[in-house]
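Notes follow the structure.
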Amino acid sequence: MAKILLTGGCGYIGSHTAVELINAGRDVVIADDLSNSDKSVIDRIEMITGKRPDLYVSDLKDKKECEKIFDENDISAVIHFAGYKAVGESVLSPLKYYRNNLDSTLSLLESMRSHLCNTIIFSSSATVYGTDGVVPYTESAETGGCSNPYGWTKFMIERIICDTVLANPDMSAVNLRYFNPIGAHESGLIGENPSGIPNNLMPYITQVASGIRDHLNIYGNDYDTPDGTGVRDYIHVVDLAKGHLAALEYAEKHKGTECINLGTGVGYSVLDVVNAFNEANHLDLPYVFAKRREGDLASYYANPKKAYELLGWKAEKTLVDMCKDSWRWQVYLKNSENKDGGK
Ligand code: WQD
């Protein structure tokens, strides 16, 4: 049976997408270098779905390792999540980001071509809209003007994929531009588990709530937004995962490249998220207002129309669902660390 290759499939969005694909009857194989994930995710995907995806612990920058996956499996399509994704780190170590994110993509595309695998779904980001985009972002908006090397790698990989598909009319590609993925699978068995101090809002909130961090710093309450705090389009990671299945089904029927936003179209402020988290979980999160974070925009969110019209997909889960599911995952994490002696 033809398989779907998920690069970076042990990661936050990759693992949730693996669950949705397996539940939809797809045969999944995962390639991951485990630089920012753990192979125990495979066990938990199996616990959720009853099926265990094959795992290749591979560095996709190594062409031989990449080819080996395609030599040993009949891969009909690839969903490409693998890549470094910490904005701040990308500013400090740009070459590490360009080398890793671009080389792995080039090896992957060459292996796809040499094995007649013609379909790719790419994990892109709203960050490609740069800092001057008109809100809500539509896919026809200009891209580029990224504010960090991480964002530029997403922009460049979209271009690489578009050009490869233009040169090979038998190929199909969808560049999925994520907004702000948060939440976790309802089982509480998979979720976001950033190493070190979380950069992103929700994992920081859940670590404050579980006592790992003292309080939340809200970066800026003097933006031109309803309550002065930053506004973003938070989307439940399960909705996002379902969007990948919809994009795959579309790409299997249509040649060429499409760029598609995956967002809810609704913007929530930091304080909206904090209040929803407290209400959903009967907690009272300590926070202080701190100065703005360098590079942050006041407000952005998606126009999600194209995803609905082209893929028949729209986000369904609420901010309360995102807050409840995030907290359940954090509690699971804490209990499993306690059981493992905090390993
Ligand atoms: C959200 C809001 C912060 C942490 C990033 C990447 C983007 C994409 C999604 C991959 C902002 C505020 C945050 C905290 C806070 N990643 N905040 N205190 O910056 O919108 O987007 O993640 O594609 O590329 O840039 O997400 O969660 O970091 O911030 O007040 O401790 O929460 O100022 O308004 P962001 P975020």
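Worth pointing out:
- Filtered residues of region 205-214 (kept if surrounded by fewer than 18 Cβ atoms within 10 Å (Cβ to Cβ) and touching a strand residue (DSSP E or B) at 6+ places or on another chain (Cβ under 6 Å)): none
- Matching residues, region 271-294, being surrounded by 14 or more Cβ atoms within 10 Å (Cβ to Cβ) and part of a strand (DSSP E or B): Tyr287, Phe289
- Counting the residues of region 189-227 that are among the small types (Gly, Ala, Ser) and without any contact (Cβ under 8 Å) to a residue 40 or more places away in the chain gives 2.
- Residues that are over 24 Å from Gly133 (Cβ atoms) and in a loop (DSSP other than H, G, I, E, B) occur at least once in region 295-316.
- Criterion (of a type in the set (A, V, I, L, M), modelled with pLDDT under 95 and crowded, with 18+ Cβ neighbours inside 10 Å) met by exactly one of Ala86, Ala18: Ala86
- The single condition from (1) touching a residue at least 24 places away in the same chain (Cβ under 8 Å); (2) within 24 Å of Gly151 (Cβ to Cβ) that Arg113 fails is (2).
- One residue from Lys51, Lys61 being open to solvent by 40 Å² or more (accessible area, probe 1.4 Å), within 23 Å of Met171 (Cβ to Cβ) and out of contact with any strand residue (DSSP E or B) (no Cβ under 7 Å at 6 or more places or on another chain): Lys61
- Residue in region 215-225 that is within 10 Å of the ligand (Cβ to nearest atom), open to solvent by less than 60 Å² (accessible area, probe 1.4 Å) and at positive phi present: yes
- Contact map, region 274-292: first residue over 19 Å from Gly220 (Cα atoms), second residue surrounded by fewer than 18 Cβ atoms within 10 Å (Cβ to Cβ) and of a type in the set (S, T, N, Q), Cβ cut-off under 6 Å, separation 6 or more or different chains; pairs are Asp284/Asn278.
- Sole residue being open to solvent by less than 20 Å² (accessible area, probe 1.4 Å) and either within 15 Å of the ligand (Cβ to nearest atom) or within 30 Å of Arg44 (Cβ to Cβ) (or both), chosen from Asp239, Asp321: Asp239
- Pairs where the first residue, in region 296-308, is at pLDDT 95 or above and the second is open to solvent by 40 Å² or more (accessible area, probe 1.4 Å) and outside any loop (DSSP other than H, G, I, E, B), C-beta under 9 Å, 6+ apart: Tyr301/Tyr268; Lys306/Glu258
- Of everything listed in (1) in a loop (DSSP other than H, G, I, E, B); (2) in contact with a Pro (Cβ under 7 Å, 6 or more places away or on another chain); (3) among the hydrophobic types (A, V, I, L, M, F, W, C), the single unmet condition for Leu240 is (1).
- Odd one out for Pro226 among (1) out of contact with any helix residue (DSSP H, G or I) (no Cβ under 9 Å at 6 or more places or on another chain); (2) over 30 Å from Asp170 (Cα atoms): (1)
- In region 94-119, the residues that are surrounded by 15 or more Cβ atoms within 10 Å (Cβ to Cβ) and farther than 28 Å from Leu166 by Cα: Pro94
- Selection within region 152-208 - at pLDDT 95 or above, of a type in the set (Ser, Thr, Tyr) and not in a helix (DSSP H, G or I): Ser172, Tyr178, Ser187
- Of everything in region 186-203 that is within 10 Å of the ligand (Cβ to nearest atom) and surrounded by fewer than 18 Cβ atoms within 10 Å (Cβ to Cβ), the residue that is farthest from the chain's Cα centre (by Cα) is Ile197.
- Residue, surrounded by the fewest Cβ atoms within 10 Å (Cβ to Cβ), within region 123-138, restricted to residues that are within 12 Å of the ligand (Cβ to nearest atom) and not β-branched (Val, Ile, Thr): Gly130
- If you go through region 226-236 and keep only what is surrounded by 22 or more Cβ atoms within 10 Å (Cβ to Cβ) and away from the ligand (no atom under 11 Å from the Cβ), you end up with just His236.
The values are calculated or read from the model by the stated rules, or taken from the named source; none is laboratory data. Please read these numbers as outputs of a predicted model, since none were measured by experiment. We place every Cβ from the backbone using ideal geometry, glycine too, and count neighbours over all the protein chains shown. Areas reflect the complete protein model, heavy atoms only, side chains present, ligands, DNA and RNA absent. Shrake-Rupley method; radii C 1.70, N 1.55, O 1.52, S 1.80 Å.
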